[in-house]
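Take a look at the structure set out below.
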Amino acid sequence: MIAKEFVSATSINDLREILSKNKTLFILSGGSNILFTKNITDLTLHVALKGVFVVKETKKHVYIQANAGENWHDFVLWCIKNDFGGLENLSLIPGNVGTSPMQNIGAYGVEIKDTFHKLEAIEIATGKLHTFLNSDCNFGYRNSVFKNELKGKYIITSVVVKLTKENHKLNYSYGAIQTELEKRSIDKPTIKDISDVVIDIRNSKLPNPKEIGNSGSFFKNPVITKEAFDILQKKHPNIPLYIVSHTQIKVPAGWLIEQCGFKGKRFGDAGVHKNQALVLVNYGNATGQEIYNLAQKIQQTVTEIFGIDLDIEVNVV
Ligand code: EPU
């Protein structure tokens, strides 16, 4: 895809100046969660504010500010190197810090909302800087206020997370992490061990966007009622599940898509990843529209076979 005009902002002053001169903008962060189906004719504004700082410390915690243009995984590795705990399960997630709260990035039992302290964002209409605390962000599963009522209204400039300096609260209940730790005979893992294991699991299941075009999970895992799930489970006793509440169950979309026969299938240069059916891949020359057509075909089939509607997780432009 082609951006007609492109500008990179490395400071809040840059952002304010660009906002004051342009009415319509296309705001771009790391670009890892976007499917482009057309060229961008508005000015593309790349948010590239850099910097990672400790802003406050207590005996047990450290508050770290990372500016929006920092690469997420580099930031996680910096925290691990300094033995600051809380983000290790979120290792190797593509994208930048600034967009991490928008979709409340999550993996292996942890979401950014668990360590998120606050963020600053510029209001596009006024250029004013606003602070949003955790409770202001309305975090949900791959969701926040910035994907809903405040969509398109703010540019996130920095994020502050609250991490542990000691007695790290490790989360390795997720099956694949446990199995991998056992394989390596690690019974008292460090945050670095968890990060290493997560990196290896991700590398084995998820295609590297640098090698083959993809945006990670293309769909969200659907949440259905317990009654609907019980009916499904009678037909498919091996169906995996995540319990959301006593009335709601989340079903892995990857499993549903695999059952419909799409896993590893290729349609021209658009395809469904061979190791994780939730990920759509571009083998080279598929257009955004072709990837989107495949996504729609998958949605229709899953609805026909299971009566479940899949929501697209990536931003389709
Ligand atoms: N499964 C299949 N077939 C597949 C894929 C998965 O049967 O092709 C089954 C697995 O066997 C497993 C279950 O589905 O029992 C869950 O699979 P997995 O652990 O790979 O996780 P997921 O639910 O498919 C979610 C996130 C991922 C995140 C992983 C690990 C969403 C939309 N995706 O995937 O996030 O890495 O959990 O926590 O919630 C992303 O958002 O881009 C992303 C990659």
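I need every pair where a residue in region 188-208 that is outside any helix (DSSP H, G or I) has its Cβ under 6 Å from the Cβ of a residue that is open to solvent by less than 70 Å² (accessible area, probe 1.4 Å) and away from the ligand (no atom under 14 Å from the Cβ), sequence separation at least 6 or different chains.
189/181
Residue under question is residue 110, and the condition is that it be over 22 Å from residue 210 (Cα atoms), in the same structural domain as residue 142 (by TED's automatic domain parsing) and within 13 Å of the chain's Cα centre (by Cα); does it hold?
Numbers: over 22 Å from residue 210 (Cα atoms): yes; in the same structural domain as residue 142 (by TED's automatic domain parsing): yes; within 13 Å of the chain's Cα centre (by Cα): yes.
In short, yes.
Taking only region 102-125 into account, find how many residues are away from the ligand (no atom under 14 Å from the Cβ) and within 11 Å of residue 72 (Cα to Cα).
Residues that pass the stated criteria total 0.
Return the residues of region 272-300 that are away from the ligand (no atom under 13 Å from the Cβ) and touching a Leu at 6+ places or on another chain (Cβ under 9 Å); say none if nothing qualifies. Talk me through it step by step, then tell me what you get.
Here is the first cut: in region 272-300, the residues away from the ligand (no atom under 13 Å from the Cβ) are 282-297, 299-300.
Matches in region 272-300: 286, 288, 291, 292, 294, 295, 299.
When you go through 92, 49, 77 one by one, which is the residue that is in a loop (DSSP other than H, G, I, E, B), in contact (Cβ under 8 Å) with a residue 12 or more places away in the chain and away from the ligand (no atom under 13 Å from the Cβ)? If you could, list the steps in order and put the result at the bottom.
Working: 92 fails: away from the ligand (no atom under 13 Å from the Cβ); 77 fails: in a loop (DSSP other than H, G, I, E, B).
Within the list 92, 49, 77, the selection yields 49.
So residue 214 fits all but one of (1) out of contact with any Leu (no Cβ under 7 Å at 6 or more places or on another chain); (2) within 16 Å of residue 107 (Cβ to Cβ); (3) touching a residue at least 60 places away in the same chain (Cβ under 8 Å); what number is the exception?
Checking residue 214 against (1) out of contact with any Leu (no Cβ under 7 Å at 6 or more places or on another chain); (2) within 16 Å of residue 107 (Cβ to Cβ); (3) touching a residue at least 60 places away in the same chain (Cβ under 8 Å), the one that fails is (1).
Which residues, counting only those in region 238-272, are surrounded by fewer than 21 Cβ atoms within 10 Å (Cβ to Cβ) and among the small types (Gly, Ala, Ser)?
Selection gives 245, 261, 264, 268.
The values are calculated or read from the model by the stated rules, or taken from the named source; none is laboratory data. All values derive from a computational prediction rather than experimental measurement. Every residue, glycine among them, receives a Cβ derived from its backbone with ideal geometry; neighbour counts consider all protein chains shown. Accessible surface is based on the protein model in full, side chains and every heavy atom, while ligands, DNA and RNA are left aside. Shrake-Rupley method; radii C 1.70, N 1.55, O 1.52, S 1.80 Å.
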